[in-house]
Amino acid sequence: MHKRHSNITFTDGKTMKRTLVREHVFRILFRYDFYDREDFEAQAKLYFDSYPEYNEESADAVLTGKGITELDRAEIISRVCDAASHIGELDEAIDRVCDGWKLERIGKAELSILRLAAYEIIYDGEIEAAVAINEAVELCKKYCDAKSHSFVNGVLAKLIK
């Protein structure tokens, strides 16, 4: 298990908050079900092509999410690959607490958020379960149907019991 920190600190003192790292991880994990497993790693790397590289002129871009440093990229890819390596177990854990909902019926964005939060709860000892659930709910509010956050919150609450 990798040691995680709430912020990533750069040599110039700029940090990328964990919430922003998590959002990038979610965006990449969202692609998981749309590509062959061999293509997924390439997709994860292609994701960064849409973001400018960090440089001294765009230091504020890191804080707004418009710039990703090499350090950001390494952390995000590490988390994505680690989560993807556990997809089978994460899906089993989610399936056990979904009360009759088949994973195929869950929206792709909601499923990606559930997988990410389940990964953080089960495999990342540095993140408290309550924080993982709260962050998942916030991602749902941003990327999913208006009622999805209640469903995701309920599933994750059952997961931690």
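So which of Gly107, Gly88 ends up being free of Cβ contacts under 8 Å to residues at least 40 places away in the same chain and either in contact with a strand residue (DSSP E or B) (Cβ under 9 Å, 6 or more places away or on another chain) or surrounded by fewer than 21 Cβ atoms within 10 Å (Cβ to Cβ) (or both)? First the steps, then the outcome.
Numbers: Gly107 fails: free of Cβ contacts under 8 Å to residues at least 40 places away in the same chain.
Checking each option against the conditions leaves just Gly88.
Every condition in (1) open to solvent by 10 Å² or more (accessible area, probe 1.4 Å); (2) farther than 17 Å from Arg27 by Cα; (3) among the aliphatic types (A, V, I, L, M) is met by Leu156 except one, and the failing one is (1). Restricted to segment 43-79, and to residues that are among the hydroxyl-bearing types (Ser, Thr, Tyr) and not in a helix (DSSP H, G or I), which residue is modelled with the highest pLDDT? Across segment 43-79, the extreme among qualifying residues is Thr69.
Return the only residue of Asp82, Asp145, Asp99 being part of a helix (DSSP H, G or I) and either among the acidic types (Asp, Glu) or open to solvent by 50 Å² or more (accessible area, probe 1.4 Å) (or both).
Checking each option against the conditions leaves just Asp82.
Inspection of segment 122-135 finds no residue satisfying the criterion of being crowded, with 18+ Cβ neighbours inside 10 Å, in contact (Cβ under 8 Å) with a residue 40 or more places away in the chain, in a helix (DSSP H, G or I) and of a type in the set (Gly, Ala, Ser).
The values are calculated or read from the model by the stated rules, or taken from the named source; none is laboratory data. None of these values were measured; they are calculated from a predicted model. Note that each Cβ is placed from the backbone with ideal geometry, even for glycine, and that neighbours are counted across all protein chains shown. With ligands, DNA and RNA removed, areas are computed over all heavy atoms of the protein, side chains included. Shrake-Rupley method; radii C 1.70, N 1.55, O 1.52, S 1.80 Å.
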